[in-house]
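**Q** Would you mind keeping the following structure in view while I ask a few things?
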Amino acid sequence: MTGPTPASCIPLIIRDARVIVTCPGRNFVTLKIETDQGVYGIGDATLNGRELSVASYLTDHVVPVLIGRDAHRIEDIWQYLYRGAYWRRGPVTMTAIAAVDTALWDIKGKAAGLPLYQLLGGRSREGVLVYGHANGADIEHTVETVGRYREAGYRAIRAQSGVPGVKGAYGVGSGAGKIYEPADTALPQETLWSTPAYLRHAPKLFEAIRVAHGEEIELLHDVHHRLTPIEAARLGKALEEYRLFWMEDATPAENQEAFRLIRQHTTTPLAVGEIFNSIHDCRTLIQEQLIDFIRTTVVHAGGITHLRRIADLAGLYQVRTGSHGATDLSPVCMGAALHFDTWVPNFGIQEYMAHAPETDEVFPHDYRFEDGYLKVGDTPGHGVDIDESLATKYPYNPKQLPVARLEDGTLWNW
Ligand SMILES: [Mg+2]
């Protein structure tokens, strides 16, 4: 016996999709998908420093094939955009797919009257543990900044500091409250890097933080791809006594096997993957248990649909999630990520940098910080919206990520 089709299963035909580029504090690209039933969804499509490439990919190649499709068919649309495109993977393609996927999950949640985490399988935890960024011009300044984060309630803190003799070391703001990337220049700013100076300095930073703040606080550190595998192994070993939660992006991971060498030498937990966009970028790292945390994000790794596959693979090997969550991702990505984090069984931690007040005004949301955790609301969908008229007041402002050179002028990894 068949009854009438439930309202939540009636096709929601996509009648319009458009890209909104805005700069309320920094540049964000947002995809808005509208259906014939009036239900709409939004997805983050921001690729820091390459914003307009994704905007063009969406407008020129993706939006035309979305019109007329049933927004409920998330999996089929994902496969169409991934498998159906001859040119697969890559940050631009996967960010564009992520934007569509996130918007479709938002629509499905709204149509069902359920918050996204409920669609994924329900709540696995009450709150999402987050880590904040303590950056300082020198060790003393970073120690002090860690104290401010502790006072604000953070239980986990990433610590970075300026390195003596290295102008523009990674992770150090250009002033109080200022972001440390991208540069306010039309062309990429050139920064200097010295591996020997950094390797001498980093253990002193964590020694000072432990002396000042004790054992309880979780500490993280981002190496930002600056070391070779053996240098990374040496640093991991030197940091063991300070019990880091993780050492991030110790060496570039195009060659996933390089992490075997680091792993052989240190028990400092390893995190990698914020620039990955596919499960294939981390397959060896996960299957050989060469890392402890996978940092892929909703926006750069093909949306909720693909991130779930990565997390499920990782779960088989006791690798936990630790998604990228700096302010180069819009609140739309953060909202979706928090629903994902609320559900995913092998959750580790979530990066969190509070957005500028003008960003939060353009992207109203229902997630909130409480006692070291972010908590999602129960608004149907991912709980983040965009104020389009306010967004038009902040036109796109082209910016560039910096590049790095060694002291002799050799180009290095930024
Ligand atoms: Mg990082």
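**Q** What range in the chain is the longest one free of GluC sites (Glu not before Pro) that are in a loop by DSSP and have at most 12 other Cβ atoms within 10 angstrom?
**A** 258-414
**Q** Mark the label point 7 Å from the Cα of Ala85 along Cα→Cβ and return the residues of the stretch 97-137 whose backbone N is within less than 13 Å of it.
**A** Within reach of a label on Ala85: 97-101.
**Q** Let me ask something else. Please give the FRET efficiency for Arg368 paired with Arg50, using the beta carbon to beta carbon distance and R0 = 41 Å, rounded to the nearest 0.05.
**A** E between Arg368 and Arg50, to the nearest 0.05, is 0.85.
**Q** Grab the beta carbon distance between Thr392 and Asp36, set R0 = 22 Å, and tell me the FRET efficiency rounded to 0.05.
**A** According to the calculation, E is roughly 0.30.
**Q** How do Val211, Val65 line up, fewest other C-beta atoms within 10 Å first?
**A** Exposure proxy ranking, most exposed first: Val211, Val65.
**Q** Using a Cα-Cα cut-off of under 12 Å, which aspartates and glutamates could be cross-linked to Lys204, ignoring same-chain neighbours fewer than 8 residues away?
**A** Asp138, Glu140, Glu241
**Q** Filter the chymotrypsin sites (Phe, Trp or Tyr not before Pro) in the stretch 12-87 down to the DSSP loop ones having no more than 16 other Cβ atoms within 10 Å, then list what survives.
**A** Counting only loop positions with at most 16 other Cβ atoms within 10 Å, the chymotrypsin sites (Phe, Trp or Tyr not before Pro) in the stretch 12-87 are Tyr86, Trp87.
**Q** Something else about it: Which chymotrypsin sites (Phe, Trp or Tyr not before Pro) in the stretch 341-379 sit in a loop by DSSP (not H, G, I, E or B) and have at most 14 other Cβ atoms within 10 Å of their own Cβ?
**A** none
**Q** For the stretch 14-124, evaluate the Debye formula with one uniform point scatterer on each Cα (no solvent term) and list log10 I(q)/I(0) at q = 0.11, 0.14 Å⁻¹, rounded to two decimals.
**A** After summing over all Cα pairs, the log10 values are -0.34, -0.54.
**Q** Modelled label-to-label distance, Arg309 and Glu216, 7 Å Cα→beta-carbon offset: nm?
**A** Simple spin-label model gives 4.3 nm for this pair.
**Q** By DSSP, what percent of the beta bridges with both residues in the chain are antiparallel, rounded to the nearest 5?
**A** Antiparallel bridges: around 45 percent, rounded to the nearest 5.
**Q** Can you give the extra length, in nm with one decimal, that the chain gains between Val403 and Arg200 once fully stretched, where that is 0.36 nm per residue apart less the Cα-Cα distance?
**A** Here the answer is 70.8 nm.
**Q** Can you find, among Ala85, His213, Ala238, the residue farthest towards the positive end of the dipole of the chain? Put +1 on the C-beta of Lys and Arg, -1 on that of Asp and Glu.
**A** Highest projection toward the positive end goes to Ala85.
**Q** Reachable lysines from Lys108, Cα under 29 Å, same-chain residues fewer than 8 places away excluded?
**A** The reachable lysines, counting only those whose Cα sits under 29 Å from Lys108, are Lys32, Lys375.
**Q** Determine Rg/Rh for the chain; Rg is computed over alpha-carbon atoms and Rh is the Kirkwood hydrodynamic estimate from the same atoms.
**A** 0.97
**Q** Tell me what the chain gives for mean residue ellipticity at 222 nm when only DSSP H runs of n ≥ 4 count, each as -39,500 (n - 2.57), the sum divided by the residue total, rounded to 500 deg cm²/dmol.
**A** Rounded to the nearest 500, the figure is -10000 deg cm²/dmol.
**Q** Taking the alpha-carbon set of the stretch 174-330, what are its Rg and Dmax in Å?
**A** According to the Cα coordinates of the stretch 174-330, Rg and Dmax are 16.3, 45 Å.
Bear in mind that the values in this text are calculations on the coordinates, not laboratory data. On a predicted model such as this, the values are computed, not experimentally measured, just so you know. As a convention, Cβ positions derive from the backbone with ideal geometry for all residues, glycine included, and neighbour counts pool all protein chains shown.
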